[in-house]
Every structure is written in structure tokens, then in C-alpha cells.
Amino acid sequence: MARIFVTRELPGAALARLKGSHDTTVWPGQLPPSYEQLREHSAEADALLTLLTDRIDAQLIAGAPKLRVIANYAVGYDNIDVAAAGARGIQVGNTPDALTDATADLTFALLMAAARRITEAAAFARNGQWQTWEPAGFLGADVHGATLGIIGLGRIGQAVARRAAGFGMEVLTTETRDQHNLEHLLRRSDFVSIHLPLTDGTRKLIGAQAFALMKPTAILVNTARGAIVDRDALAKALHTGQLAGAALDVTDPEPLAADDPLWSAPNLLVVPHIGSATWSARERMTEMAVENILAGLAGTPLPYPVPA
């Protein structure tokens, strides 16, 4: 019987499969374990089921001599030192596809909310300030017929493009390898939506230089990883009117500190990393992570391995 450490209680019934066949410990706290607590529980573990909030670095891996498999409950895996795991022969898996449509839906929800100033208008009504219909009240940006720039055309980026077609939007796409195309996209787009993995090459990709290229009427949407956007440059662009607005599901760090300058920026919408937060998506993610764990412990290839 193998020893498994799961770093948080997860939605759905799939964890029962692990508990029924292996010695499984699930971290009981509402907040994730600290790095030291994670190291302690990993030391004797054969398998880890981790979240994107868990740092699985080379030091932790070195201190877990029995570790055979790591299943990350996310499509991204920038929280794991995959090279260090591979050097030890530890298989690493993730949960692709399960959250594609949920995240694409949220991307469009954020885009629409920012364009039409939904949160401001809702607060205005709830606070008793609504007195009459106002011809110039809460004027926003058109979505239908606008130009949407999608940076990163993986599963989620493609799903967002399909949704944009229903709004009659012109869709521009690019990968980070094509700098000229990226600059063209930034100059042309009314909305820019980020769908890239976090790597050394994408960290702070969208910063002061990118904001200088964008239209002052443009709105930025990020449902990928917070560190792809330079937080300080974004705050400055919003404060100075260089950018019309931003809608973020992800930040760097998460959560932002209470005194972070970004909170005081105008036309900013932030939600707490809920891109995959539907019952079906999260339950499917649990199933996929459990399937990865069971396969790794059985010594067979993972059904959902991270890309080589």
C-alpha cells in the first residue's frame, strides 16, 4: 500500500478511490500547507496530488526519496520543477481539457463585465444611487464587431476564439515566438486576452512596452498566470489612462497585498482565480489527477502527462 499526500480536499468523489486502495492523507486546512509542512508530508510519500499553490521544487523532491508520481490539479505546472522530477524518474501529470470551456466562459464573462462596466453599475444600483435612467450613465465599450487579440492559441485560446465568433468579433491571434505579429496584435486590438503558460520567456511579457503599443481604449483580460503581466506597469497604465481597463482572474502574487497599488487603479476588475470553478470542471480535474496517481503507482504511463 502506497502513501499519498493530497494537499487539499477536492470536489467530487474520485478521492475515495485513493483512500480505498492506498494510505491517503488529505491536508485538512482551508489554506494550503506551508512549504515546510509540504516537505514534511512529502518525505515519506510515494505520490503527491498537488495544487498550483504548492511549490514542488528540487529541494523538496530531493527530500522525498520514495516519490514516484506527482499529479498537479491544474493545466499549468509552473509550480513544479519538472526537470528535477524527470531526473529522478518521477512522472508528472496535469489536468488538461477539463477546464478549457469553463475558463473560456470566464474569459468572456470578464471581457463583457469590463466592457460594459457591470460591477460598477451593479454596485451603483445596490447602494441606492440609482434614481432614473441616465442617457450618459455607465457608457462602456462595444463587444460585438470589436477586435479581440488572443495571445496564446492553445486549447483555451481556441475556445475563446470560438466564442468571439458568435459576437461577430475580428480575432487576431499570436504566439510569443512571433514578436512582429504580437506587436501588430497589440496595436490593433480593442481587447487583449492572455492564454499562455508561465515560462521564463513569458514572465512579464505584457509590461510597459506592450501597454505603450495598445490603444488607450483597450481592455486587458488575463485568465492565464498573473506573472505574465508586469503588475507595476499595469497599475501605471491604468492610473495614467494609457489603458482603458483590465479584468484579471490571476495576479502575482495571489492574493494581492491589501496595500498593493494595483487595487487603487481605476477600471480594474479582479476575481480570485475562478477560471475552472464550475462543479463539472473541478470534479473532472479530480478524476484526472486520481487517474494519474493510480497509473504512476502502478508503474504505467500517466494518462495525462505534462508535455515532454
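Taking 18 Å as the cut-off, the amide N atoms of region 13-27 that come nearer than this to a point 7 Å along the Cα-to-beta-carbon line of M1 belong to 15-27.
The distance between label points at A212 and W263 comes to 3.1 nm (points 7 Å beyond Cα on the Cα→Cβ vector). Here the spin labels are modelled as points 7 Å beyond Cα on the Cα-Cβ line, and at Q30 and E170 they lie 4.8 nm apart. The modelled label-to-label distance for the pair A84/R162, using points 7 Å beyond Cα in the direction of Cβ, is 3.8 nm. Among 264-275, 141-152, the peptide with the highest mean count of other Cβ atoms within 10 Å heads the list, and the full ranking is 141-152, 264-275.
Counting only alpha carbon atoms, the long axis of helix 155-166 and the longest principal axis of the chain meet at about 30°. Under 5 Å between amide hydrogens, built in the peptide plane, is the criterion, and for V221 it picks out V192, S193, I194, A247 among residues at least 5 positions away or on other chains.
Counting only DSSP H runs of at least 4 residues, each contributing -39500 (n - 2.57), and dividing by the residue count of the chain, the helix-based mean residue ellipticity at 222 nm comes to -10000 deg cm²/dmol. Compute the Cα gyration tensor for the chain, then decide on rounded, prolate or oblate, letting a ≥ b ≥ c be the square roots of its eigenvalues: rounded whenever a/c is under 1.5, prolate when a/b is larger than b/c in the other cases, and oblate in all that remain. Cα axes put the chain in the prolate bin. Within region 72-115, list the residues whose amide N lies under 16 Å from a label point set 7 Å along Cα→Cβ of E283. Answer for region 72-115: 98-99, 102.
We did not get these values from a lab; they are worked out from the coordinates using the rules stated. Note that the coordinates shown come from a computational prediction; the quantities given were computed from them, not determined experimentally. Cβ atoms come from the backbone with ideal geometry, glycine included; neighbour counts cover every protein chain shown.
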